[in-house]
Structure formats: C-alpha cells, structure tokens
C-alpha cells in the first residue's frame, strides 16, 4: 500500500500536466494560424496582399460571391472632419459555423502615408505598426468574436482622400490556412467640403 500511495502525487501531477497540455492544444486549434494578429500588411490595399496569401482554399471574396457572407465596415463618415473621432465596426457576417474570426485594417492617404490614428476600444483589437503605418487587427481574445470595434481619429489637417482597406478571415478553427474564407473591402473618404 505504501508504494501505491507514494506514486499518487506523481500520478496526479502527470494528469494535471497532461490536462494543461491538452487545453493548450485545443486553444491553439480554436484560434487558428495567427491567433495574436496577422502579419502587418495584409489589407489588400496599396500593393499589399490579403490573407489569401496563406489562406488560399477559396478565392478572395468567394464567400460573398456564393452568398455566404460579407465583410461589413460601418461608422466611417461619408466625408471626414479634420481631427474628428469616428467609432468604427468591422463585422464578418459569414453564415457557416466557422466560429473563429480575424481582420486587419489600415487608413492611408492617397500617397500611402498614414492617415489619422486608429485606437482599439477593447481587448478584441490591437494596433500593430510597420513602416509608419498603423494596422488595427484582432487579438487572440478577439478571434472568438465576428465583430471588432475601434475608433479612427481623422487627420488633424486635410490629407485629401483617405483610403481604408480591410481584410477579414472567417476561419474554420483547425489551426491551418485550409478551408478559410477571406473577405476584403475598401472605402474612400474625402475631406468635408467647406
């Protein structure tokens, strides 16, 4: 009996380590290939690729063409007022039960320079910067939701037309790029006329 009891703590520790490892694997499968954020520069604008660079089972916007869903950007103005703050929402309406979601968005002047400032409003989105451009993208926590909210602060002086490019991923959660639907959208916003 003493021998059996002396192994109990080791057995419990092994079971606990095994359970933790299983949970870690399940979480990584659930959140897909880029759980913390896509690499910067996959919005589809200004010569950038979209997520189809890796997630290429379906053509870009094939889900929209097939009537499976869309990438909807709301909250952007028809014309921007310099320095004004706009609440923005990006939503993937893909109807199949994929359950894992991601996106990346950038706002740039026609020259390609950063236009205004992007700011997350909760833990579902974050800012990733590269080469002077801000990209707002999902976080690991955000992949459990199909909608993302943040703010865009328009340039303080007129930057001319601003182009907003966004790509979104309705992923199947198998931690691979296979079977995912990629959507993209572009919005051009002129400065307010006086």
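Quick note: the coordinates plus some simple rules give every number you see, no bench work behind them. The structure displayed is predicted, hence computed values, not measured ones. All Cβ positions, even for glycine, are placed from backbone atoms using ideal geometry, and neighbour counts span all protein chains on display.
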In the stretch 162-194, which residues have a backbone nitrogen under 20 Å from the label point lying 7 Å from residue 65's Cα in the Cα-to-Cβ direction?
-> 166-172, 178-186
In which sequence would 180, 122 go, from the one with the fewest C-beta neighbours within 10 Å to the one with the most?
-> 122, 180
Simple spin-label model, 7 Å along Cα-to-Cβ: residue 36 to residue 111 in nm?
-> 3.3
